[in-house]
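Undergrad: Structure provided below as structure tokens; questions to follow.
The values are calculated or read from the model by the stated rules, or taken from the named source; none is laboratory data. No experiment lies behind these values; they were computed from the predicted model shown. A quick note on method: Cβ atoms are made from the backbone with ideal geometry, for glycine too, and the neighbour counts reach across all protein chains shown.
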Ligand SMILES: Nc1ncnc2c1ncn2[C@@H]1O[C@H](COP(=O)(O)OP(=O)(O)O)[C@@H](O)[C@H]1O
Ligand SMILES: [Mg+2]
């Protein structure tokens, strides 16, 4: 397995708040890796540090053998990292089509490639096709999540960073979202998935990390973590 | 000029037309989105502002029929109406072009660039410098007036756009994470610096900072064109016509840029969510510079057109028109491009009506025009801070 993305001893601060205290995470080509942990553990900060929205004070982020620690977000995205942020963050006043076009900002090869990709997205998310000229802000929560994922996939990224894709969705939709994540991975995409819904995330993940107040406390395969006592107690609600 | 802002609500009379397939197809063509719709919008705004202000004026005439002995207000209104409308439209377009600079920058940075009034002034001074250069080279009269106007607009626009980019890079970008008051104060400081630098340069080079456009001596620009409307003959100044034509062309170009190009889409995305735009690969700082360039270019071109119209500029002419354009941007809804157009036309019309009619009232002269205009600014800020078109309710949180 080739290492695609690797964080080594990353420390990230918000002013005086020490949010990541030496986090090391590795994602191999073709894997689904999940980062689970309670609210405020630093999951979002880890993803933001990878995609360049926040800069680590110490430590290193390597991607495809390249040091991306100090790159600007738009350069990191051009390297092939697509970050679907927490809360979806679709552009509310842009139409569905325009949201997808924004996602293809760095796609080379012109209109043809972009419309091919868009059609692939519509195959995967038929609902988006029905809403193509509708403003992003008028979509339902589930549709917005689909749009956020499709928008990121327009980049044909090497790795997809997903931050709580199931947040705020009805249980039936949550199943659907995880199903899609699985399908995206089976199509050859590497995924780093952040979830509070640890059970579902660990079920589809090859490997997982448990994050507690800015530190990795456990690291194992998804299946093993599902059996782990600490995980069962702290995150799967067992007593 | 988002193509949604004028579409009727669901359940309207026009639904059968709007839902018909032919209309649906037509409304997505470039011809509709970039030519028919924006021109229609401009016409609707002009007609609406004219009707509204005319009705208001006659209402005042009903309440105060004779503001002075032997002066019948309603007669004065009907006699002056065409002239007031034409001058309102032309000054309105100047305000609209300047207001766009405030609104575009506010859109991407949520910051009021108070130095924009000096960008406008700078454009008017560059316009003067260019024409003065041609004049002292003795070739001004030989230039075709249309070519001269186009060249002046381009040079003033590009120079002002570059100045705006420079100011952003040097003065605002380092303050992007500072408290919001800090860049605001900086912008006011930049205003003073620009005024004094321009005055110093003008004083050194031509020993005067009262800059008179040499076009004053060219018949094409100065001889008014008589236009007969009904029984009235109105004399329209060539410079008013130039302003309207230039502004409409530039507004169409801006609408195409914002709604029809990749860079325009990037700027709109940044105005909604800067961090996420970066994640999508949009070079945020470059797009912000581009926004300053376009806003500055519009302000500078408006400055040159204004200078051509009034014939005489100084380093201090930016303040009042800048403040009025800011009023226009706030009235329309700051951050909203269509709002800047509507606000500009409205403020221009209001000013023209006041200038035309206030002299008939005892004790109130033309000087009250500015007081009333800025009264509108205060009223909007108090009662409807989001402006006429500012409230976008289609945003689901
Ligand atoms: N913008 C911010 N400013 C200050 N503190 C922040 C900010 N974002 C997150 N934090 C803090 O950093 C820690 C980690 O937050 P976050 O990464 O959002 O956690 P998670 O995604 O696991 O819920 C928390 O203590 C949170 O309060
Ligand atoms: Mg989070």
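Undergrad: Find all pairs meeting these conditions: Cβ atoms under 6 angstrom apart; at least six residues apart or on different chains; first residue within segment A:156-169 and within 12 Å of chain B (Cβ to nearest Cβ); second residue part of a strand (DSSP E or B) and within 16 Å of ligand 1 (Cβ to nearest atom).
TA: Sorted first by the residue in segment A:156-169, then by its partner, the pairs are A:161/A:83; A:161/A:192; A:163/A:194.
Undergrad: Quick check, is residue B:269 free of Cβ contacts under 8 Å to residues at least 24 places away in the same chain, buried (at least 24 other Cβ atoms within 10 Å of the Cβ) and more than 19 Å from the chain's Cα centre (by Cα)? Before the answer, list the steps.
TA: On the way: free of Cβ contacts under 8 Å to residues at least 24 places away in the same chain: yes; buried (at least 24 other Cβ atoms within 10 Å of the Cβ): yes; more than 19 Å from the chain's Cα centre (by Cα): yes.
Spelling it out, residue B:269 is indeed free of Cβ contacts under 8 Å to residues at least 24 places away in the same chain, buried (at least 24 other Cβ atoms within 10 Å of the Cβ) and more than 19 Å from the chain's Cα centre (by Cα).
Undergrad: Now, a different point. Just checking, does segment A:159-170 include any residue being closer than 25 Å to residue B:24 by Cα, more than 14 Å from the chain's Cα centre (by Cα) and assigned to a loop (DSSP other than H, G, I, E, B)?
TA: If we filter segment A:159-170 for residues that are closer than 25 Å to residue B:24 by Cα, which is where we start, we get none.
Looking for residues that are closer than 25 Å to residue B:24 by Cα, more than 14 Å from the chain's Cα centre (by Cα) and assigned to a loop (DSSP other than H, G, I, E, B), one finds none in segment A:159-170, hence no.
Undergrad: Spot the failing condition for residue B:86; the list is (1) in contact with a strand residue (DSSP E or B) (Cβ under 9 Å, 6 or more places away or on another chain); (2) more than 21 Å from residue B:247 (Cβ to Cβ), and only one is missed.
TA: (2)
Undergrad: Among the residues of segment A:204-222 satisfying the criterion of being surrounded by fewer than 20 Cβ atoms within 10 Å (Cβ to Cβ) and within 16 Å of ligand 1 (Cβ to nearest atom), which is nearest to residue A:33 (Cα to Cα)?
TA: A:218
Undergrad: Could I ask something else about it? State the number of residues belonging to segment B:144-169 that are outside any helix (DSSP H, G or I) and within 13 Å of residue B:116 (Cα to Cα). Talk me through it step by step, then tell me what you get.
TA: Quick first cut of segment B:144-169, residues outside any helix (DSSP H, G or I) only: B:144.
Restricting the remaining residues to those that are within 13 Å of residue B:116 (Cα to Cα) gives none.
Here the count works out to 0.
Undergrad: Here's another thing I want to ask about it. Of all residues in segment B:279-313, which are surrounded by fewer than 23 Cβ atoms within 10 Å (Cβ to Cβ) and over 30 Å from residue A:149 (Cα atoms)?
TA: Passing the criteria: B:293, B:309, B:310, B:311, B:312.
Undergrad: Those residues that are touching a helix residue (DSSP H, G or I) at 6+ places or on another chain (Cβ under 7 Å) and modelled with pLDDT of 90 or more, I need them from segment B:382-397; list them, please.
TA: Residues of segment B:382-397 that are touching a helix residue (DSSP H, G or I) at 6+ places or on another chain (Cβ under 7 Å), as a first pass: B:387-390, B:394-396.
Within segment B:382-397, B:387, B:388 meet the criteria.
Undergrad: Residues A:25, A:36, A:32: which one is within 11 Å of ligand 1 (Cβ to nearest atom) and more than 26 Å from residue B:274 (Cα to Cα)? Show your work before the answer.
TA: Working: A:25 fails: within 11 Å of ligand 1 (Cβ to nearest atom); A:32 fails: within 11 Å of ligand 1 (Cβ to nearest atom).
Of the residues listed, the single one that is within 11 Å of ligand 1 (Cβ to nearest atom) and more than 26 Å from residue B:274 (Cα to Cα) is A:36.
Undergrad: If residue B:259 meets every condition in (1) away from chain A (no Cβ under 14 Å); (2) at pLDDT below 95; (3) closer than 28 Å to residue B:28 by Cβ apart from one, which number is that one?
TA: Unmet condition: (1).
Undergrad: Same structure again: Please tell me if residue A:134 is buried (at least 18 other Cβ atoms within 10 Å of the Cβ), farther than 22 Å from residue B:283 by Cα, within 11 Å of chain B (Cβ to nearest Cβ) and more than 16 Å from ligand 2 (Cβ to nearest atom). Step through it out loud before you land on a result.
TA: Details: buried (at least 18 other Cβ atoms within 10 Å of the Cβ): no; farther than 22 Å from residue B:283 by Cα: yes; within 11 Å of chain B (Cβ to nearest Cβ): yes; more than 16 Å from ligand 2 (Cβ to nearest atom): yes.
Judged against the criteria, residue A:134 is not a match.
Undergrad: Filter segment B:225-245 down to residues that are more than 12 Å from residue B:83 (Cα to Cα) and surrounded by 12 or more Cβ atoms within 10 Å (Cβ to Cβ), then give me how many there are.
TA: 7
Undergrad: Taking residue B:160 as meeting all but one of (1) without any contact (Cβ under 8 Å) to a residue 60 or more places away in the chain; (2) surrounded by 22 or more Cβ atoms within 10 Å (Cβ to Cβ), write down the number of the exception.
TA: (1)
Undergrad: For segment A:77-108, enumerate the residues that are under 16 Å from residue A:161 (Cα atoms) and touching a helix residue (DSSP H, G or I) at 6+ places or on another chain (Cβ under 7 Å). Show your work before the answer.
TA: So in segment A:77-108, the residues under 16 Å from residue A:161 (Cα atoms) come out as A:77-90, A:103.
Correct list: A:77, A:81, A:82, A:83, A:84, A:85, A:86, A:88, A:89, A:90, A:103.
Undergrad: Name the one entry in A:234, A:201 that is within 16 Å of ligand 1 (Cβ to nearest atom) and farther than 19 Å from residue A:30 by Cβ. Walk me through how you get there before you give the answer.
TA: Working: A:201 fails: farther than 19 Å from residue A:30 by Cβ.
Only one candidate passes the filter, namely A:234.
Undergrad: On to the next question. Please tell me if residue A:236 is touching a helix residue (DSSP H, G or I) at 6+ places or on another chain (Cβ under 6 Å) and free of Cβ contacts under 8 Å to residues at least 40 places away in the same chain.
TA: Values: touching a helix residue (DSSP H, G or I) at 6+ places or on another chain (Cβ under 6 Å): yes; free of Cβ contacts under 8 Å to residues at least 40 places away in the same chain: yes.
So residue A:236 fits the description; yes.
Undergrad: Please find, among A:141, A:188, the residue that is under 30 Å from residue B:24 (Cα atoms) and away from ligand 1 (no atom under 16 Å from the Cβ). Before you say what the answer is, go through the steps one by one.
TA: Numbers: A:188 fails: under 30 Å from residue B:24 (Cα atoms).
That would be A:141, the only listed residue that is under 30 Å from residue B:24 (Cα atoms) and away from ligand 1 (no atom under 16 Å from the Cβ).
Undergrad: In addition: Touching a helix residue (DSSP H, G or I) at 6+ places or on another chain (Cβ under 7 Å), in a helix (DSSP H, G or I) and within 17 Å of residue B:328 (Cα to Cα) - does that describe any residue in segment B:62-84?
TA: no
Undergrad: Is it the case, given these coordinates, that residue A:74 is in contact with a helix residue (DSSP H, G or I) (Cβ under 9 Å, 6 or more places away or on another chain), within 28 Å of residue B:108 (Cβ to Cβ) and away from ligand 1 (no atom under 16 Å from the Cβ)? Reasoning before the result, please.
TA: Values: in contact with a helix residue (DSSP H, G or I) (Cβ under 9 Å, 6 or more places away or on another chain): yes; within 28 Å of residue B:108 (Cβ to Cβ): yes; away from ligand 1 (no atom under 16 Å from the Cβ): yes.
Judged against the criteria, residue A:74 is a match.
Undergrad: Does residue A:225 satisfy the condition of being more than 16 Å from ligand 1 (Cβ to nearest atom), more than 25 Å from residue A:80 (Cα to Cα) and buried (at least 22 other Cβ atoms within 10 Å of the Cβ)?
TA: Working: more than 16 Å from ligand 1 (Cβ to nearest atom): yes; more than 25 Å from residue A:80 (Cα to Cα): yes; buried (at least 22 other Cβ atoms within 10 Å of the Cβ): yes.
So residue A:225 fits the description; yes.
Undergrad: Got a sec? Which helices (runs of 4 or more DSSP H) wholly within segment A:1-116 have at least 3 residues that are surrounded by 15 or more Cβ atoms within 10 Å (Cβ to Cβ), within 14 Å of chain B (Cβ to nearest Cβ) and away from ligand 2 (no atom under 16 Å from the Cβ)? Lay out the reasoning, then the answer.
TA: On the way: elements: A:43-51, A:73-79, A:96-103.
Fully inside segment A:1-116 and qualifying: A:73-79, A:96-103.
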